[in-house]
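The values are calculated or read from the model by the stated rules, or taken from the named source; none is laboratory data. Everything quoted here is computed from the prediction, not taken from an experiment. No Cβ is skipped: glycine too gets one built from the backbone with ideal geometry, and neighbour counts run over all protein chains shown.
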Amino acid sequence: MTAPTAPTVVPVALADRSYEILIGRDLLAGAGAELARRFPGARYAVITDETVAEHHLDTLIGSLTEADLGFTSIVVSPGEGSKSFETLEDIVDGVLSARLERGDLLIALGGGVIGDLVGFTAGIVRRGMRFVQMPTSLLAQVDSSVGGKTGINTRHGKNLVGLFHQPSLVLADTATLDTLDPRHLRAGYAEVVKYGLIDDAAFFHWLEANHAEIFAGGPARIGAIAASCRAKAAVVRVDEKEAGVRALLNLGHTFGHAFETACDYDPERLVHGEGVAIGMVLAHEFSARLNLASPDDAARVAAHLAAVGLPTEISDIPGGVGTVDDLMRSIFQDKKVKRGRLTFILTHGIGEAFVADDVTPDQVRAFLEDKLAA
(Lines give C-alpha, C1' and ligand atoms only; values in the text may rest on other atoms or scores of the structure.)
Protein backbone atom coordinates (compact mmCIF):
# COMPACT_ATOMS: atom_id res chain seq x y z
CA MET A 1 0.00 0.00 0.00
CA THR A 2 1.42 3.38 -0.99
CA ALA A 3 1.97 5.84 1.83
CA PRO A 4 -0.20 8.95 1.44
CA THR A 5 1.47 12.20 0.50
CA ALA A 6 1.19 15.28 2.69
CA PRO A 7 -1.98 16.91 1.38
CA THR A 8 -2.64 20.44 0.25
CA VAL A 9 -5.27 21.84 2.63
CA VAL A 10 -7.97 24.27 1.51
CA PRO A 11 -10.26 25.56 4.28
CA VAL A 12 -13.95 26.27 3.72
CA ALA A 13 -14.87 28.89 6.32
CA LEU A 14 -18.55 28.63 7.29
CA ALA A 15 -18.57 29.31 11.03
CA ASP A 16 -19.77 26.17 12.84
CA ARG A 17 -20.10 24.35 9.49
CA SER A 18 -16.48 24.93 8.46
CA TYR A 19 -14.43 22.05 7.07
CA GLU A 20 -11.24 21.29 5.20
CA ILE A 21 -10.50 19.99 1.72
CA LEU A 22 -7.48 17.69 1.64
CA ILE A 23 -5.89 17.30 -1.81
CA GLY A 24 -3.07 14.91 -2.67
CA ARG A 25 -2.05 11.54 -4.06
CA ASP A 26 -2.89 8.25 -2.34
CA LEU A 27 -4.97 9.81 0.43
CA LEU A 28 -7.46 6.91 0.43
CA ALA A 29 -4.76 4.68 1.89
CA GLY A 30 -4.64 6.85 5.01
CA ALA A 31 -8.32 7.74 5.14
CA GLY A 32 -9.10 5.47 8.09
CA ALA A 33 -6.48 7.07 10.33
CA GLU A 34 -7.65 10.54 9.26
CA LEU A 35 -11.27 9.75 10.07
CA ALA A 36 -10.41 8.14 13.40
CA ARG A 37 -8.51 11.26 14.41
CA ARG A 38 -11.22 13.69 13.36
CA PHE A 39 -14.36 11.75 14.35
CA PRO A 40 -13.52 9.49 17.31
CA GLY A 41 -16.04 6.74 18.03
CA ALA A 42 -18.02 7.15 14.80
CA ARG A 43 -19.25 4.37 12.52
CA TYR A 44 -19.55 4.75 8.77
CA ALA A 45 -21.58 3.83 5.70
CA VAL A 46 -19.47 3.85 2.54
CA ILE A 47 -21.70 4.56 -0.47
CA THR A 48 -20.22 4.15 -3.94
CA ASP A 49 -21.12 2.88 -7.40
CA GLU A 50 -20.12 -0.32 -9.15
CA THR A 51 -17.46 1.30 -11.33
CA VAL A 52 -15.73 3.14 -8.51
CA ALA A 53 -16.03 0.12 -6.23
CA GLU A 54 -14.05 -1.96 -8.70
CA HIS A 55 -11.11 0.45 -8.56
CA HIS A 56 -11.11 2.01 -5.09
CA LEU A 57 -13.44 0.38 -2.57
CA ASP A 58 -10.91 -2.23 -1.42
CA THR A 59 -8.34 0.47 -0.69
CA LEU A 60 -10.78 2.44 1.44
CA ILE A 61 -12.12 -0.65 3.23
CA GLY A 62 -8.56 -1.74 3.99
CA SER A 63 -7.84 1.67 5.47
CA LEU A 64 -11.00 1.66 7.59
CA THR A 65 -10.26 -1.87 8.78
CA GLU A 66 -6.68 -1.00 9.68
CA ALA A 67 -7.98 1.92 11.76
CA ASP A 68 -10.45 -0.45 13.48
CA LEU A 69 -13.49 1.56 12.34
CA GLY A 70 -16.97 0.06 12.08
CA PHE A 71 -18.57 0.38 8.66
CA THR A 72 -21.01 -0.96 6.11
CA SER A 73 -20.87 -0.65 2.32
CA ILE A 74 -23.65 0.23 -0.12
CA VAL A 75 -23.02 -0.08 -3.86
CA VAL A 76 -25.38 1.39 -6.46
CA SER A 77 -25.48 1.49 -10.25
CA PRO A 78 -23.20 4.04 -11.95
CA GLY A 79 -24.41 7.01 -13.94
CA GLU A 80 -26.75 9.99 -13.80
CA GLY A 81 -29.75 7.65 -13.82
CA SER A 82 -29.01 6.80 -10.18
CA LYS A 83 -29.83 10.35 -9.10
CA SER A 84 -33.41 9.26 -8.59
CA PHE A 85 -35.99 8.76 -5.86
CA GLU A 86 -35.60 5.01 -6.26
CA THR A 87 -31.86 4.95 -5.61
CA LEU A 88 -32.22 7.48 -2.81
CA GLU A 89 -34.71 5.17 -1.11
CA ASP A 90 -32.31 2.22 -1.48
CA ILE A 91 -29.48 4.17 0.16
CA VAL A 92 -31.68 5.44 2.98
CA ASP A 93 -32.85 1.89 3.65
CA GLY A 94 -29.26 0.65 3.70
CA VAL A 95 -28.16 3.32 6.17
CA LEU A 96 -31.10 2.65 8.50
CA SER A 97 -30.69 -1.13 8.23
CA ALA A 98 -27.07 -0.72 9.38
CA ARG A 99 -28.43 1.10 12.46
CA LEU A 100 -26.18 4.08 11.98
CA GLU A 101 -26.89 6.78 14.52
CA ARG A 102 -27.20 10.50 14.01
CA GLY A 103 -23.61 11.04 15.19
CA ASP A 104 -22.20 8.56 12.67
CA LEU A 105 -21.06 9.49 9.17
CA LEU A 106 -21.76 8.59 5.57
CA ILE A 107 -18.88 8.47 3.08
CA ALA A 108 -19.48 9.47 -0.54
CA LEU A 109 -16.86 7.57 -2.53
CA GLY A 110 -17.33 8.48 -6.17
CA GLY A 111 -18.09 11.26 -8.60
CA GLY A 112 -20.72 13.96 -8.62
CA VAL A 113 -23.67 11.57 -8.76
CA ILE A 114 -22.59 9.74 -5.60
CA GLY A 115 -21.69 12.99 -3.85
CA ASP A 116 -25.11 14.49 -4.57
CA LEU A 117 -26.95 11.33 -3.53
CA VAL A 118 -25.00 10.78 -0.32
CA GLY A 119 -25.16 14.42 0.69
CA PHE A 120 -28.93 14.40 0.20
CA THR A 121 -29.22 11.17 2.20
CA ALA A 122 -27.14 12.63 5.01
CA GLY A 123 -29.29 15.74 5.06
CA ILE A 124 -32.58 13.86 5.51
CA VAL A 125 -31.80 10.67 7.45
CA ARG A 126 -32.42 11.13 11.18
CA ARG A 127 -33.05 14.79 10.32
CA GLY A 128 -29.41 15.31 9.53
CA MET A 129 -26.25 13.22 9.67
CA ARG A 130 -22.64 14.13 8.97
CA PHE A 131 -20.91 12.98 5.81
CA VAL A 132 -17.50 12.96 4.15
CA GLN A 133 -16.88 13.56 0.48
CA MET A 134 -14.20 11.36 -1.12
CA PRO A 135 -14.49 12.48 -4.75
CA THR A 136 -12.94 10.23 -7.39
CA SER A 137 -13.64 12.28 -10.54
CA LEU A 138 -12.06 15.58 -11.55
CA LEU A 139 -15.48 17.20 -11.77
CA ALA A 140 -16.31 16.19 -8.21
CA GLN A 141 -12.89 17.16 -6.85
CA VAL A 142 -13.03 20.71 -8.22
CA ASP A 143 -16.74 21.43 -7.96
CA SER A 144 -19.56 19.20 -6.77
CA SER A 145 -17.90 17.88 -3.59
CA VAL A 146 -17.43 21.41 -2.23
CA GLY A 147 -20.18 23.75 -1.11
CA GLY A 148 -22.96 21.52 0.20
CA LYS A 149 -25.28 21.33 -2.80
CA THR A 150 -27.05 17.96 -2.91
CA GLY A 151 -29.96 16.57 -4.85
CA ILE A 152 -31.52 14.25 -7.38
CA ASN A 153 -33.04 14.62 -10.83
CA THR A 154 -36.64 14.32 -11.94
CA ARG A 155 -38.34 14.28 -15.33
CA HIS A 156 -38.79 18.03 -14.90
CA GLY A 157 -35.07 18.73 -14.80
CA LYS A 158 -31.72 18.28 -13.12
CA ASN A 159 -31.14 18.72 -9.37
CA LEU A 160 -34.61 20.08 -8.73
CA VAL A 161 -35.07 18.08 -5.50
CA GLY A 162 -32.40 18.50 -2.86
CA LEU A 163 -31.01 20.66 -0.10
CA PHE A 164 -27.90 22.48 1.10
CA HIS A 165 -25.96 20.23 3.49
CA GLN A 166 -22.25 20.82 4.03
CA PRO A 167 -19.83 17.91 4.38
CA SER A 168 -17.63 17.55 7.45
CA LEU A 169 -14.53 16.82 5.35
CA VAL A 170 -13.52 16.53 1.70
CA LEU A 171 -10.70 14.11 0.93
CA ALA A 172 -9.64 14.37 -2.72
CA ASP A 173 -7.20 11.62 -3.67
CA THR A 174 -5.79 12.72 -7.03
CA ALA A 175 -4.47 9.21 -7.69
CA THR A 176 -8.07 8.13 -8.32
CA LEU A 177 -8.03 10.26 -11.46
CA ASP A 178 -5.49 7.85 -12.97
CA THR A 179 -8.32 5.32 -13.38
CA LEU A 180 -10.75 7.83 -14.87
CA ASP A 181 -11.51 7.37 -18.54
CA PRO A 182 -10.28 10.24 -20.76
CA ARG A 183 -13.78 11.42 -21.62
CA HIS A 184 -14.75 11.98 -17.98
CA LEU A 185 -11.39 13.59 -17.22
CA ARG A 186 -12.05 16.08 -20.00
CA ALA A 187 -15.59 16.63 -18.73
CA GLY A 188 -14.25 17.50 -15.28
CA TYR A 189 -11.76 19.89 -16.82
CA ALA A 190 -14.65 22.00 -18.09
CA GLU A 191 -15.44 22.90 -14.46
CA VAL A 192 -11.79 23.88 -13.91
CA VAL A 193 -11.95 26.24 -16.88
CA LYS A 194 -15.13 27.72 -15.45
CA TYR A 195 -13.25 29.28 -12.53
CA GLY A 196 -10.98 31.18 -14.89
CA LEU A 197 -13.90 32.36 -16.98
CA ILE A 198 -15.85 33.64 -13.98
CA ASP A 199 -13.37 36.10 -12.48
CA ASP A 200 -9.77 34.97 -12.97
CA ALA A 201 -8.50 35.60 -16.49
CA ALA A 202 -4.94 34.89 -15.33
CA PHE A 203 -5.99 31.38 -14.30
CA PHE A 204 -7.61 30.81 -17.70
CA HIS A 205 -4.39 31.92 -19.41
CA TRP A 206 -2.42 29.56 -17.13
CA LEU A 207 -4.73 26.71 -18.14
CA GLU A 208 -4.16 27.46 -21.81
CA ALA A 209 -0.41 27.03 -21.18
CA ASN A 210 -0.53 24.09 -18.75
CA HIS A 211 -3.49 21.90 -19.70
CA ALA A 212 -1.27 19.16 -21.12
CA GLU A 213 0.47 18.67 -17.77
CA ILE A 214 -2.89 18.65 -15.97
CA PHE A 215 -4.13 15.83 -18.19
CA ALA A 216 -0.80 13.98 -17.89
CA GLY A 217 -1.04 14.00 -14.08
CA GLY A 218 1.93 16.24 -13.37
CA PRO A 219 2.23 18.79 -10.54
CA ALA A 220 -0.05 21.18 -12.43
CA ARG A 221 -2.95 18.79 -11.76
CA ILE A 222 -2.87 19.31 -7.99
CA GLY A 223 -2.29 23.02 -8.56
CA ALA A 224 -5.36 23.29 -10.78
CA ILE A 225 -7.54 21.33 -8.33
CA ALA A 226 -6.38 23.42 -5.36
CA ALA A 227 -6.92 26.68 -7.24
CA SER A 228 -10.42 25.57 -8.23
CA CYS A 229 -11.29 24.57 -4.66
CA ARG A 230 -10.00 27.88 -3.28
CA ALA A 231 -12.11 29.76 -5.80
CA LYS A 232 -15.24 27.82 -4.94
CA ALA A 233 -14.58 28.02 -1.19
CA ALA A 234 -14.27 31.81 -1.43
CA VAL A 235 -17.64 32.08 -3.17
CA VAL A 236 -19.39 29.65 -0.82
CA ARG A 237 -18.04 31.52 2.20
CA VAL A 238 -19.86 34.73 1.22
CA ASP A 239 -22.98 33.16 -0.34
CA GLU A 240 -23.57 29.66 0.98
CA LYS A 241 -27.10 29.21 -0.34
CA GLU A 242 -26.86 30.93 -3.71
CA ALA A 243 -28.71 34.10 -2.82
CA GLY A 244 -26.35 36.20 -4.92
CA VAL A 245 -22.76 35.82 -6.10
CA ARG A 246 -22.73 32.00 -5.85
CA ALA A 247 -24.96 31.92 -8.91
CA LEU A 248 -21.81 32.80 -10.89
CA LEU A 249 -20.68 29.21 -10.37
CA ASN A 250 -23.49 28.24 -12.76
CA LEU A 251 -21.75 29.79 -15.75
CA GLY A 252 -22.76 27.63 -18.71
CA HIS A 253 -25.05 25.48 -16.57
CA THR A 254 -28.43 26.91 -17.62
CA PHE A 255 -27.82 25.84 -21.21
CA GLY A 256 -25.92 22.71 -20.14
CA HIS A 257 -28.66 21.42 -17.84
CA ALA A 258 -31.23 21.95 -20.59
CA PHE A 259 -29.13 19.83 -22.94
CA GLU A 260 -28.77 17.08 -20.30
CA THR A 261 -32.52 17.03 -19.81
CA ALA A 262 -33.06 16.88 -23.57
CA CYS A 263 -30.74 13.85 -23.68
CA ASP A 264 -32.66 12.12 -20.84
CA TYR A 265 -29.37 12.09 -18.87
CA ASP A 266 -28.02 9.47 -21.28
CA PRO A 267 -24.24 9.37 -20.66
CA GLU A 268 -23.63 7.90 -24.09
CA ARG A 269 -24.89 11.13 -25.59
CA LEU A 270 -23.79 13.76 -23.07
CA VAL A 271 -22.20 13.93 -19.64
CA HIS A 272 -22.46 16.92 -17.32
CA GLY A 273 -19.10 18.51 -18.03
CA GLU A 274 -19.66 18.29 -21.76
CA GLY A 275 -22.97 20.11 -21.37
CA VAL A 276 -21.22 22.76 -19.29
CA ALA A 277 -18.50 23.16 -21.93
CA ILE A 278 -21.06 23.82 -24.66
CA GLY A 279 -23.02 26.02 -22.27
CA MET A 280 -20.00 28.18 -21.45
CA VAL A 281 -19.30 28.77 -25.12
CA LEU A 282 -22.97 29.67 -25.67
CA ALA A 283 -22.93 32.02 -22.66
CA HIS A 284 -20.04 33.91 -24.23
CA GLU A 285 -21.67 33.89 -27.67
CA PHE A 286 -24.98 35.04 -26.23
CA SER A 287 -23.17 37.84 -24.37
CA ALA A 288 -21.55 38.92 -27.64
CA ARG A 289 -24.94 38.84 -29.37
CA LEU A 290 -26.26 41.21 -26.68
CA ASN A 291 -23.25 43.50 -27.28
CA LEU A 292 -21.91 42.80 -23.80
CA ALA A 293 -18.64 41.17 -24.88
CA SER A 294 -16.41 40.63 -27.88
CA PRO A 295 -17.05 37.60 -30.10
CA ASP A 296 -13.28 37.08 -29.98
CA ASP A 297 -13.60 35.98 -26.36
CA ALA A 298 -16.21 33.38 -27.28
CA ALA A 299 -13.92 32.10 -30.04
CA ARG A 300 -10.98 31.87 -27.62
CA VAL A 301 -13.03 29.92 -25.07
CA ALA A 302 -14.27 27.55 -27.77
CA ALA A 303 -10.75 27.06 -29.12
CA HIS A 304 -9.34 26.09 -25.72
CA LEU A 305 -12.16 23.68 -24.91
CA ALA A 306 -11.90 22.11 -28.36
CA ALA A 307 -8.12 21.79 -27.94
CA VAL A 308 -8.62 19.41 -24.99
CA GLY A 309 -11.31 17.44 -26.83
CA LEU A 310 -14.50 18.90 -25.38
CA PRO A 311 -17.62 19.60 -27.46
CA THR A 312 -18.35 23.28 -28.10
CA GLU A 313 -21.45 23.28 -30.32
CA ILE A 314 -25.01 21.99 -29.92
CA SER A 315 -24.43 20.02 -33.12
CA ASP A 316 -21.72 18.04 -31.27
CA ILE A 317 -24.44 16.33 -29.17
CA PRO A 318 -25.41 12.97 -30.72
CA GLY A 319 -29.10 12.72 -31.48
CA GLY A 320 -29.76 16.44 -31.11
CA VAL A 321 -31.55 18.23 -28.30
CA GLY A 322 -35.10 18.51 -29.58
CA THR A 323 -36.83 21.77 -30.39
CA VAL A 324 -36.40 25.27 -29.08
CA ASP A 325 -39.66 24.82 -27.19
CA ASP A 326 -38.18 21.74 -25.45
CA LEU A 327 -35.10 23.69 -24.41
CA MET A 328 -37.11 26.70 -23.25
CA ARG A 329 -39.25 24.49 -21.01
CA SER A 330 -36.09 23.19 -19.35
CA ILE A 331 -34.62 26.66 -19.01
CA PHE A 332 -37.77 27.88 -17.25
CA GLN A 333 -37.32 25.05 -14.73
CA ASP A 334 -33.85 26.38 -13.88
CA LYS A 335 -33.39 27.00 -10.15
CA LYS A 336 -32.31 30.60 -10.80
CA VAL A 337 -35.70 31.55 -12.27
CA LYS A 338 -37.39 34.07 -9.96
CA ARG A 339 -41.07 34.90 -10.27
CA GLY A 340 -41.00 33.64 -13.83
CA ARG A 341 -38.03 35.83 -14.83
CA LEU A 342 -34.95 34.26 -16.36
CA THR A 343 -31.55 34.71 -14.75
CA PHE A 344 -28.46 34.00 -16.81
CA ILE A 345 -24.75 34.12 -16.07
CA LEU A 346 -23.34 36.31 -18.81
CA THR A 347 -19.95 37.92 -19.35
CA HIS A 348 -18.21 41.11 -20.36
CA GLY A 349 -15.20 39.00 -21.38
CA ILE A 350 -12.95 36.24 -20.11
CA GLY A 351 -12.84 36.50 -16.32
CA GLU A 352 -15.71 39.01 -16.20
CA ALA A 353 -18.87 37.00 -15.58
CA PHE A 354 -21.93 38.58 -13.96
CA VAL A 355 -25.50 37.72 -13.00
CA ALA A 356 -28.05 39.07 -15.49
CA ASP A 357 -31.69 39.10 -14.41
CA ASP A 358 -33.01 41.16 -17.31
CA VAL A 359 -32.69 38.59 -20.10
CA THR A 360 -35.98 38.18 -21.95
CA PRO A 361 -37.35 34.82 -23.15
CA ASP A 362 -37.55 36.23 -26.67
CA GLN A 363 -33.81 36.95 -26.66
CA VAL A 364 -32.99 33.44 -25.52
CA ARG A 365 -35.42 31.86 -27.96
CA ALA A 366 -34.06 33.80 -30.94
CA PHE A 367 -30.48 32.90 -29.98
CA LEU A 368 -31.28 29.19 -29.67
CA GLU A 369 -33.23 29.20 -32.94
CA ASP A 370 -30.16 30.53 -34.71
CA LYS A 371 -27.86 28.01 -33.00
CA LEU A 372 -30.10 25.06 -33.85
CA ALA A 373 -30.36 26.23 -37.44
CA ALA A 374 -26.57 26.58 -37.79
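Brief remarks on what is shown
- Residues of the range 334-374 that are part of a loop (DSSP other than H, G, I, E, B) and surrounded by fewer than 16 Cβ atoms within 10 Å (Cβ to Cβ): Val337, Arg339, Gly340, His348, Asp357, Asp358, Thr360, Ala374.
- Selection status of Glu208, assigned to a helix (DSSP H, G or I) and surrounded by fewer than 16 Cβ atoms within 10 Å (Cβ to Cβ): yes
- Members of the range 42-70 found to be assigned to a strand (DSSP E or B) and surrounded by fewer than 21 Cβ atoms within 10 Å (Cβ to Cβ), listed by number: none
- Against the conditions (1) out of contact with any strand residue (DSSP E or B) (no Cβ under 9 Å at 6 or more places or on another chain); (2) closer than 19 Å to Thr343 by Cβ; (3) modelled with pLDDT of 95 or more; (4) surrounded by fewer than 16 Cβ atoms within 10 Å (Cβ to Cβ), Glu285 satisfies every one except (4).
- Where a residue in the range 156-168 is in the same structural domain as Phe332 (by TED's automatic domain parsing) and its partner, wherever it lies, is assigned to a loop (DSSP other than H, G, I, E, B) and surrounded by fewer than 20 Cβ atoms within 10 Å (Cβ to Cβ), with Cβ under 9 Å and at least six apart: none
- Any hit, the range 290-300, residues being in a helix (DSSP H, G or I) and in contact with a Phe, Trp or Tyr (Cβ under 7 Å, 6 or more places away or on another chain): no
- Complete set of residues in the range 150-164 that are more than 11 Å from Leu117 (Cα to Cα) and of a type in the set (Gly, Ala, Ser): Gly157
- Put simply, of Leu163, Leu96, Leu139 the only residue that is closer than 20 Å to Lys232 by Cα, in contact with a helix residue (DSSP H, G or I) (Cβ under 9 Å, 6 or more places away or on another chain) and surrounded by fewer than 22 Cβ atoms within 10 Å (Cβ to Cβ) is Leu163.
- Residues in the range 304-329 that are more than 23 Å from the chain's Cα centre (by Cα) and of a type in the set (Gly, Ala, Ser): Ser315, Gly319, Gly320, Gly322.
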